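To start, the structure itself, in structure tokens.
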Amino acid sequence: MAATTNARRRGSIFTPPPARLRYLNVSFLKGLQLRLLASPLPASTVAAALAHITHLNLSGTDRTDTWCTAVLPVVAPRLIRLALAWNTHLTDQTLAALAQHGPKRLTHLDLTHCRDITDVGLAQLARHAPALRVLSLAWCTRISRRTLHAALSYWPHLRAISVVGARASQADVRDWWGGFVDADTALRQSERWMVQIPRRAPKLLINFCEVAFYLDI
């Protein structure tokens with residue numbers, strides 16, 4: 001009891017670890033770095049707590065490669081949705097850690113404004129995430145048109161993508177896919193967190209990239 005009380009005083013919810021936690025959304029909680037997922041607990045302890053996670057949103061929480069490469073190998077095999085948007089210090093090292101540990105179930109990935117991710121990281125991930133259906137590369141300015149075009153061939157199930165502010169344009173994606181619908185109006189008007197898109201709908205180009213994690217496709 002004393003250890004648990006002390007851990008709570010230090011700001012951690014992971015002592016003792018929650019049982020079979022599956023959904024965790026802590027996006028843009030700036031105090032997270034000190035109060036929830038990092039200090040005072042080591043990454044290994046956090047990884048154990050996240051072992052059953054399927055939906056993980058860490059957008060805007062100042063994650064680093066060091067932290068992600070310790071945690072993602074544990075959670076990758078079960079992950080279905082992952083958002084790392086606005087973690088501006090992440091590099092290809094994080095995508096390599098994700099790719100190397102079998103994200104076979106991953107369907108949604110949001111890398112919005114992960115500006116240091118390059119062609120190398122995307123190419124490596126593309127070969128190991130065959131189930132991907134929704135992807136945001138908005139403001140990922142170091143990923144080339146050629147690499148994105150090649151990566152699309154590894155994702156036969158991809159239905160929605162955001163390339164706002166990226167080097168590949170919407171026109172590029174339209175040409176590669178052969179057809180699309182701009183879903184932004186419908187998404188903005190939706191009052192639901194999980195936005196449902198009809199299964200027979202055309203592929204989607206998304207400007208409103210913040211909803212990528214929540215698209216129900």
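Annotations for the structure displayed:
- A simple spin-label model places the labels of R146 and S169 2.0 nm from each other, with each point 7 Å out along Cα-to-Cβ.
- Note on V120 and T64: the model spin-label points, each 7 Å out from Cα along the C-beta direction, lie 2.0 nm apart.
- Long-range Cα-Cα pairs in the range 99-182 (distance over 23 Å), rounded percent: 11
- Over the range 63-105: Rg over Rh, Cα atoms, Kirkwood Rh: 0.93
- Reference-scaled alpha-carbon Rg (2.2 N^0.38 Å with N residues) for the range 111-156: 1.04
- Placing a pseudo-label 7 Å from each Cα along the Cα-to-Cβ vector at W176 and A51 gives an inter-label distance of 3.8 nm.
None of the figures in this text is laboratory data; all of them are computed from the coordinates on show. Computed from a predicted structure; not experimentally measured. Note: ideal-geometry Cβ built from the backbone for every residue, glycine included; neighbour counts use all protein chains shown.
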